[in-house]
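What follows is a short report on a single structure.
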Amino acid sequence: MSTPYDELSLKLAELVAEQIKSQPASNLALPTGRTPLGAYQVLVRQAQAGQSLDWSKINCFALDEYVDSHEKDSYKYFLEQQLFQYTNLPKTSRHFPDSVDDYDGLIASLGGLDLTVLGIGKNGHIAFNEPGTELDSYTHSIWLTECTRKANQDLFASADQVPTRAVTVGIRTILASRHIILVASGEGKRAIVEKALHGPVTPQVPASFLKLHPHVTVLTDFGDFS
Ligand code: PGA
């Protein structure tokens, strides 16, 4: 029997696949974390079953990256392991914000983002734009909040190994994307999704800035926010 998370994953995989099929030279910004994992697994299973998408003209931009993490904890490693290695996405089309001096300039020079997929933190962060991030922000480095470090500590061998710093695309980087999908899984995210989408637009809830964008799709496994 399929779970609400399975349904969410199928839907997200379908939207990513539609984007790639309808616009084979798309620029995608993709998240890491637990929420998109199921969708990546759907895409991998489809590829293994012979229904590969053609990623040869796609550019992928990671939304964020830890500073000073072990290689296996890095978001680059996550995306390579969970998705990229199963695709024909050229190595030169895999972009990571910590290894490019002017990430926003690179995105713009390649034509801008067509689709950005975002998770959301319980504190309202999108990518690693933590509460307090201003609207006028581009790719920058940040200090992770204790809330975020705690939420991610299960993914590390011990709590003290969770990095304290990261590089993230900014709010302006995200809002410049032509289409944005916000994806949230689990009852624990309900309150922040409601606050972001129904409350005031404020730097204290970075996801609330998405209300300024004309084309945001919200996918959750706990309710309809369309
Ligand atoms: P998660 O992270 O998908 O692991 O819940 C989301 C986020 O912090 O943006």
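Counting only Cβ charges, +1 for Lys and Arg and -1 for Asp and Glu, the dipole size of segment 76-202 around its Cα centre is about 280 debye.
When only Cα pairs below 8 angstrom with a gap of at least 6 residues are kept, segment 137-222 shows a relative contact order of 29 percent.
Taking each residue as 0.36 nm, the span from HIS198 to LEU110 lengthens on full extension beyond its C-alpha to C-alpha distance by 28.3 nm. Placing a label point 7 Å from the Cα of ARG190 along the Cα-to-Cβ line, the residues of segment 206-226 whose backbone N sits under 13 Å from it are 221-225.
For LYS21, go through the aspartates and glutamates and keep the ones whose alpha-carbon is under 20 Å away, minus same-chain ones fewer than eight residues off. Filter leaves ASP54, ASP114. Normalise the Debye intensity by I(0) for segment 67-124, one equal point scatterer per Cα, no solvent, then take log10 at q = 0.17, 0.20 Å⁻¹ and round to two decimals. Ignoring solvent entirely, the Cα scatterers give -0.77, -1.05. Legend: translational diffusion of segment 1-107 by Stokes-Einstein, Rh = Kirkwood radius over C-alpha pairs, 37 °C, 0.692 mPa s; D = 227 µm²/s.
Residues whose amide H lies under 5 Å from that of ALA166, counting only those 5 or more places away or on a different chain, are VAL67, ILE142, LEU144; hydrogens are built 1.01 Å from N in the peptide plane.
Dipole of segment 29-81 (Lys/Arg Cβ +1, Asp/Glu Cβ -1, origin at the Cα centre): which of ALA47, ALA29, SER69 lies farthest to the positive side? So the residue we want is ALA47. Once backbone amide H atoms are built at 1.01 Å from N, VAL218 has LEU182 as its partners under 5 Å, excluding neighbours fewer than 5 places away on the same chain.
Over the Cα atoms of segment 182-226, the radius of gyration divided by the Kirkwood radius equals 0.93; this is the Rg/Rh ratio. In a simple Cβ point-charge model (Lys, Arg +1; Asp, Glu -1; nothing else charged), the chain has a dipole of about 300 debye relative to its Cα centre.
Can you give the relative contact order of the chain as a percent, counting alpha carbon pairs under 8 Å and 6+ residues apart?
This gives 22 percent for the chain.
With a simple spin-label model that places each label point 7 Å from the Cα along the Cα-to-Cβ direction, the separation between GLU18 and ASP68 comes to 4.4 nm.
Every Cα-Cα pair of segment 89-201 was included, and the share exceeding 16 Å stands at 66 percent. Every Cα-Cα pair of segment 91-143 was included, and the share exceeding 15 Å stands at 57 percent.
3J(HN,Hα) along segment 36-41: x, 4, x, 5, 5, 5 Hz, from the Karplus curve 6.51 cos²θ - 1.76 cosθ + 1.60 with θ = phi - 60°, whole Hz, x for Gly and Pro. Report summary: the helix-based calculation at 222 nm, which adds -39500 (n - 2.57) for every DSSP H run with n ≥ 4 and divides by the residues of the chain, gives -8500 deg cm²/dmol. For the chain, the equivalent ellipsoid built from the Cα gyration tensor has semi-axes of 24, 20, 19 Å, listed from largest to smallest.
Every number in this text was worked out from the coordinates using simple rules, so none of it is lab data. None of these values were measured; they are calculated from a predicted model. As a convention, Cβ positions derive from the backbone with ideal geometry for all residues, glycine included, and neighbour counts pool all protein chains shown.
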